[in-house]
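Engineer: Got a structure for you, written out below as structure tokens; questions coming shortly.
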Amino acid sequence: MADRLAWTDGQLYVGEALVTSQNGVSINDGSEKTDYQKGSIELTSHRILWKDKSAQVELPLSSIVCCEKKDASIIS
């Protein structure tokens, strides 16, 4: 996962548009949890921006192979 994520200042690029945003989102690498848990996410026309109080990273849409929605559980 580390080879696909990059630190970012969160500013949109020229020609990039915000599509939607959501709070309480975690980024996992397959079944493996990452350090990026329960942050805010913004989907743009070019990438996914994830942030919490201590980190802000970007993931280019071109590096995403698949995704799935996983509902939050009380136990996790």
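The values are calculated or read from the model by the stated rules, or taken from the named source; none is laboratory data. Everything quoted here is computed from the prediction, not taken from an experiment. Virtual Cβ from ideal backbone geometry, glycine too; neighbours counted across all protein chains shown. With ligands, DNA and RNA removed, areas are computed over all heavy atoms of the protein, side chains included. Shrake-Rupley method; radii C 1.70, N 1.55, O 1.52, S 1.80 Å.
Engineer: State to the nearest 20 debye the size of the charge dipole of the chain about its Cα centre, where the only charges are +1 on K and R beta carbons and -1 on D and E beta carbons.
Structural biologist: On the way: 8 positive and 11 negative charges, 34 e Å.
Computed about the Cα centre, the dipole is about 160 debye.
Engineer: Let me ask you something else. Show the residues, 5+ positions off or on another chain, whose built amide H is closer than 5 Å to the amide H of Arg47.
Structural biologist: Excluding prolines and chain starts, which carry no amide H, the hits are Leu61.
Engineer: Quick check on packing: order 15-26, 53-64, 36-47 by the mean number of other C-beta atoms within 10 Å, highest mean leading.
Structural biologist: By packing density, highest mean first, the sequence is 36-47, 53-64, 15-26.
Engineer: Right, another one. Evaluate the relative contact order of the chain (contact order divided by residue number), counting alpha-carbon pairs under 8 angstrom at least 6 apart; express in whole percent.
Structural biologist: Values: 105 pairs, mean separation 22.5, N = 76.
The value is 30 percent.
Engineer: Give me the percent of the accessible area of the chain that comes from carbon and sulfur atoms, probe 1.4 Å, all protein chains in place.
Structural biologist: 53 percent
Engineer: I'd like to check one number: the per residue accessible area of segment 6-61, probe 1.4 Å, reported in Å² as a whole number. Each step should come with its number before you reach the end.
Structural biologist: Numbers: 3770 Å² over 56 residues.
Here the residues of segment 6-61 average 67 Å² of exposed surface.
Engineer: OK, next. Assuming a ≥ b ≥ c are the square roots of the Cα gyration tensor eigenvalues, decide whether the chain counts as rounded (a/c under 1.5), prolate (otherwise, with a/b larger than b/c) or oblate.
Structural biologist: Working: a/c = 1.60, a/b = 1.51, b/c = 1.06.
In terms of gyration-tensor shape, prolate.
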